[in-house]
Structures are given as structure tokens and as C-alpha cells.
Amino acid sequence: MKNDLEKVAQQEELLVFETFDENTAWKLGSILRAKAEEDGQSVAIDIRLGEDCLFFTAMEGTTPVNADWARRKRNLVNRFQRSSYALGLARANGEDVPADDADHAAHGGCFPIRVAGVGFVGTATVSGLPQRDDHILVVQGIADLLKLELGEDSF
């Protein structure tokens, strides 16, 4: 768990966009969907700039429950501006992170979108896989778009 927390902290530092707009969101969403398809995974993908939904897809095999999980993860990331996976691990490690409820879920899959010189601007969320796998998919997609090799900061 501690190793994952350290890696996620590094990912949050490294995965920063120069700009983020509708075109960037479309590219990221397309990368995430293609990766899921390649791996035979079925996920919902939600990408936001603030509260504005710039990309959403629900692949065959998902249900409205996946979209709701994405909403709950996104709410937590919007509140704390940290990855939902990191927040879940932190809570399991005794940190004061709100328990899951109707509006928040501290489970992997939502990653904060940060822009250099600006800071936190939105979220990229994947829902449908085990939480660590949701996190890995979204992080790998962002790293691919940014053309960054995570190396030892990957899972």
C-alpha cells in the first residue's frame, strides 16, 4: 500500500498538461477507450474541465452504476484535488478521508487534471474495473497522451 501511495504521488507530480481543452479531452478519451478495447475491458470514461463534461462513453457491458461510481469518485477528487486511488489508500492507512457515501467514493479510477502554471482544472475518470486497474488505465492513458514514460512510477 505504501509503495502504491508513493507511486501515485509521483504520478500526480509528473502528469501535468501544458494546456487542457475540448480537443485534449477528446484525444485522452479516445486513447482510454482504445486501450480498454485492446484489453477486452468494459468501462465508462468521463472527462471533465471543471464541471463541464467534455468526453463521456459507456462501453458495452457497463451499466448506469458505472456512471454513478464515476460521479462519486469525481466528487471526491474535486474536493481534495488528489487521485481517488490515493485517497482510498490514505483512508485505509488511517488518514481522515470521508467514508464512501451517496456522493463520494474513495476508490481508484479518477485522476486530477492539472495544467502547468494553473493547477487543478478537471478530472479524468474510469469506472468498471477493479479500482487499481481503473487507476492504471487512466494513468497510462494520460502518460501516453503526454508522451511520458513513467518507468519506476508505473505499476
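Values quoted throughout were computed directly from the atomic coordinates according to the rules given, and no laboratory measurement underlies them. Here the structure is a predicted model, which is why all the values come from computation and not from measurement. All Cβ positions, even for glycine, are placed from backbone atoms using ideal geometry, and neighbour counts span all protein chains on display.
What does the helix-only formula give at 222 nm for the chain: each DSSP H stretch with n ≥ 4 adding -39500 (n - 2.57), the total divided by the residues, and the result rounded to the nearest 500 deg cm²/dmol? Don't jump to the answer; show the numbers that get you there.
Values: 5 runs with 72 residues, N = 155.
Estimated from H runs of four or more residues: -15000 deg cm²/dmol.
How much length is gained on full extension from Arg91 to Glu13, taking 0.36 nm per residue of separation minus their Cα-Cα distance? Numbers along the way, then the final one.
On the way: separation 78, 0.36 × 78 = 28.08 nm, distance 2.05 nm.
Extending this stretch completely gives an extra 26.0 nm.
Just one of (i) 9.0; (ii) 8.4; (iii) 11.4 is mean projected area of the Cα convex hull in nm² calculated from these coordinates, so which is it?
(ii)
List, in order, the whole-Hz ³J(HN,Hα) value for each residue of the range 117-126 obtained from phi through the Karplus relation with A = 6.51, B = -1.76, C = 1.60 and θ = phi - 60°; use x for Gly and Pro.
Once rounded to whole Hz, the list reads x, 10, x, 5, 10, x, 9, 10, 10, 10.
Starting from the amide H of Gly122, placed 1.01 Å from N in the peptide plane, find each other amide H under 5 Å away whose residue is 5 or more places distant or on another chain.
Long-range HN contacts for Gly122: Gly50, Ile113.
For the range 2-149, what proportion of DSSP beta bridges, expressed in % and rounded to the nearest 5, is antiparallel? Numbers along the way, then the final one.
Working: 18 of 19 bridges.
Given both bridge residues lie in the range 2-149, the antiparallel proportion sits at roughly 95 percent.
Let's test the formula: R0 of 22 Å, r as the Cβ-Cβ distance of Glu152 and Arg132. What FRET efficiency results, to the nearest 0.05? Could you put the intermediate results ahead of the total?
On the way: r = 17 Å, r/R0 = 0.78.
So the FRET efficiency works out to roughly 0.80.
Check which residues have an amide H placed less than 5 Å from Leu54's amide H, if you skip close sequence neighbours.
For Leu54, whose amide H was placed from the backbone, the distant partners under 5 Å are Ile47, Arg48, Leu49.
Sequence gap of 8 or more, or different chains, plus Cα separation below 20 Å: how many lysine pairs satisfy both in the chain?
On the way: Lys7/Lys73; Lys7/Lys147; Lys27/Lys35; Lys27/Lys147; Lys35/Lys147.
For the chain, qualifying lysine pairs total 5.
Once fully extended, how much extra length lies between Ala116 and Asp103, figured as 0.36 nm per residue of separation less the alpha-carbon to alpha-carbon distance?
Working: separation 13, 0.36 × 13 = 4.68 nm, distance 2.91 nm.
Full extension of this stretch gives 1.8 nm more.
Suppose the chain between Phe56 and Arg79 were pulled fully straight at 0.36 nm per residue; how much longer would it get relative to their current alpha carbon spacing?
Numbers: separation 23, 0.36 × 23 = 8.28 nm, distance 2.09 nm.
Full extension of this stretch gives 6.2 nm more.
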